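Asks: Questions regarding the structure given below will be posed in turn.
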Amino acid sequence: MNVIVTNAKNRISYAIVKSLGQKGISVYTSDFVPISMAFASRYSKGHFLYPSPFREQKEFIECIVKNIDLLKADVLIPVFEETYLIAKFKDELSKHVRMVIPDYDQILTAHNKDRWISIAKKLNIPVPKTYTIDELKNRSAEIKNLRFPFLIKPKQGGGAWAMTQVNSATELEALLKLESYIGLPWNRFFAQEKIDGDTICVAMLFRQGEYRAKLTYKQLRDYPATGGQATLRISVHNEQAEEYFERVLKDLKWHGICQADFVIDRKTNVPYMIDINPRFWGSLAQGIASGVDFPYLLFKIAIDGDVEPVDGFRTNVMTRWIGGDIRGFPQYMKLSRNKVKFLKEFFFSSSDNITYDDFDIKDPLPFFIWGLDAIYKIIKQRTLKPKTHDSLEGIWE
């Protein structure tokens with residue numbers, strides 16, 4: 001069996017490539033970035049470059065179809081936001097290859113926070129108090145009665161992109177007087193009350209609206225440190241959050257993988273749903289390490305039509321994203337109360353108990369290729385906080 005995996009520059013793709021390659025499946029990696037970590041993996045049988053799925057969408061689809069036929073690919077596994085474009089052309093691509101992805105309309109519903117929030121409310125799933133920007137502007141007299149802090153968040157986008165914390169009515173009123181926000185129109189954003197508590201994430205695999213597998217994990221360290229992608233996490237159970245997310249995916253008649261973020265209210269212990277990712281997620285390696293091999297299960301559904309449901313997963317399993325930890329180190333150091341304790345935990349955690357997203361002693365080259373790409377972006381953009389190579393930054397419609 002031949003499989004094409006996209007977004008080879010990403011550690012998520014690398015986890016998929018390792019999972020399938022270790023089982024003897026022929027995996028071909030692809031991306032629009034020449035310096036991509038999964039290209040260098042021992043488990044990548046070959047690779048090809050495609051046009052940017054964000055700037056050259058028609059050309060991207062044509063290139064994918066061309067390489068499906070050239071490589072005689074049986075399965076296509078899209079990884080990140082190019083999944084949305086592939087879903088948009090799902091009918092055309094399905095003539096050439098097997099995939100397990102939702103329809104484009106389902107993806108848009110899950111990707112747009114203002115859309116899935118209405119579904120969550122209908123299903124009696126707790127979500128933080130949420131306001132459109134127009135609601136706040138039209139009710140300016142009531143702003144002083146809101147419970148702060150609030151978060152200004154994009155309707156589309158994740159990983160703390162374009163998210164700002166507002167700590168007072170005065171601060172919010174000043175912000176709302178601006179004609180735009182970070183150079184973008186206000187209609188692309190909304191405001192949401194911040195829930196104080198720990199972040200846990202629930203990932204699930206569904207087949208045509210029916211449950212097949214799940215994983216829950218707690219974020220122990222993030223990048224950015226004030227709330228973003230998990231760099232250190234541990235598998236846990238939270239039956240209430242798991243039941244809430246399963247309820248949403250059943251309502252959507254979901255097909256494929258999906259992940260949701262919850263914040264567990266520190267006072268009430270209630271899980272509040274705050275985000276949904278209708279694609280593979282950054283902490284995919286956590287599932288594999290915890291005994292839920294999402295990439296292989298997805299592959300089996302594509303080839304065989306179905307898999308037996310996976311009942312559970314191993315708890316207390318820890319995984320770490322080294323690249324994210326390196327980038328976040330200055331923030332962690334600044335925020336840590338006991339710096340000696342933090343340094344000891346950061347540099348001397350037992351490697352016997354942790355699986356790494358982006359480094360494997362048996363396949364070390366991808367990690368160093370990722371480092372080269374990171375250095376390239378820093379030099380090219382002349383900043384220690386470079387942006388991703390290319391993205392739509394929340395304008396899928």
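The values are calculated or read from the model by the stated rules, or taken from the named source; none is laboratory data. Bear in mind that the values here come from a model prediction, so they are computed numbers and not experimental data. Heads up, the Cβs are rebuilt from the backbone with ideal geometry, glycines too, and the neighbour counts pull from every protein chain shown.
Asks: Please find, within region 177-226, the residue that is nearest to Asp325 (Cα to Cα) out of those that are of a type in the set (Val, Ile, Thr) and surrounded by fewer than 16 Cβ atoms within 10 Å (Cβ to Cβ).
Replies: For region 177-226, the residue satisfying everything is Thr226.
Asks: Continuing with this model, one more query. Would you check if Leu365 is more than 16 Å from Lys18 (Cα to Cα) and either touching a residue at least 40 places away in the same chain (Cβ under 8 Å) or surrounded by 13 or more Cβ atoms within 10 Å (Cβ to Cβ) (or both)?
Replies: no
Asks: Does region 299-322 contain any residue that is crowded, with 22+ Cβ neighbours inside 10 Å and under 28 Å from Ile152 (Cβ atoms)?
Replies: The answer is yes; a qualifying residue exists.
Asks: Inspect all residues belonging to region 145-160 and state whether any of them is at pLDDT below 90, more than 26 Å from Lys250 (Cβ to Cβ), part of a helix (DSSP H, G or I) and not assigned by TED's automatic domain parsing to the domain that holds Ala8.
Replies: Yes, some residue in region 145-160 is at pLDDT below 90, more than 26 Å from Lys250 (Cβ to Cβ), part of a helix (DSSP H, G or I) and not assigned by TED's automatic domain parsing to the domain that holds Ala8.
Asks: Could I ask something else about it? Can you give me the ranges of the strands (runs of 3 or more DSSP E) entirely in region 181-297 with at least 1 residues that are under 24 Å from Pro128 (Cα atoms), among the β-branched types (Val, Ile, Thr) and in contact with a strand residue (DSSP E or B) (Cβ under 9 Å, 6 or more places away or on another chain)?
Replies: By residue number, 197-207, 210-223, 256-265, 271-277.
Asks: Output the number of residues of region 255-296 satisfying the condition of being touching a Lys or Arg at 6+ places or on another chain (Cβ under 6 Å) and closer than 14 Å to Ile77 by Cα.
Replies: The qualifying residues number 0.
Asks: Based on this model, can you work out whether Pro386 counts as assigned to a helix (DSSP H, G or I) and either under 27 Å from Asn238 (Cβ atoms) or modelled with pLDDT under 95 (or both)?
Replies: No; evaluated as a whole, the condition is false for this residue.
Asks: Can you pull out the residues in region 231-266 that are out of contact with any helix residue (DSSP H, G or I) (no Cβ under 6 Å at 6 or more places or on another chain), aliphatic (A, V, I, L, M) and closer than 21 Å to Glu193 by Cα?
Replies: Within region 231-266, Ala241, Val263, Ile264 meet the criteria.
Asks: So, Ser52, is that one among the polar types (S, T, N, Q) and surrounded by fewer than 24 Cβ atoms within 10 Å (Cβ to Cβ) or not? Lay out the reasoning, then the answer.
Replies: On the way: among the polar types (S, T, N, Q): yes; surrounded by fewer than 24 Cβ atoms within 10 Å (Cβ to Cβ): yes.
So Ser52 passes the test.
Asks: Which of the following residues is assigned by TED's automatic domain parsing to the domain that holds Val27, closer than 30 Å to Ser26 by Cα and modelled with pLDDT of 85 or more: Ile322, Ile369, Ile301?
Replies: Residue meeting the stated conditions: Ile369.
Asks: Which residues, counting only those in region 60-112, are among the aromatic types (Phe, Trp, Tyr), crowded, with 21+ Cβ neighbours inside 10 Å and touching a helix residue (DSSP H, G or I) at 6+ places or on another chain (Cβ under 6 Å)?
Replies: Once the filter is applied, which keeps residues that are among the aromatic types (Phe, Trp, Tyr), crowded, with 21+ Cβ neighbours inside 10 Å and touching a helix residue (DSSP H, G or I) at 6+ places or on another chain (Cβ under 6 Å), region 60-112 yields only Tyr84.
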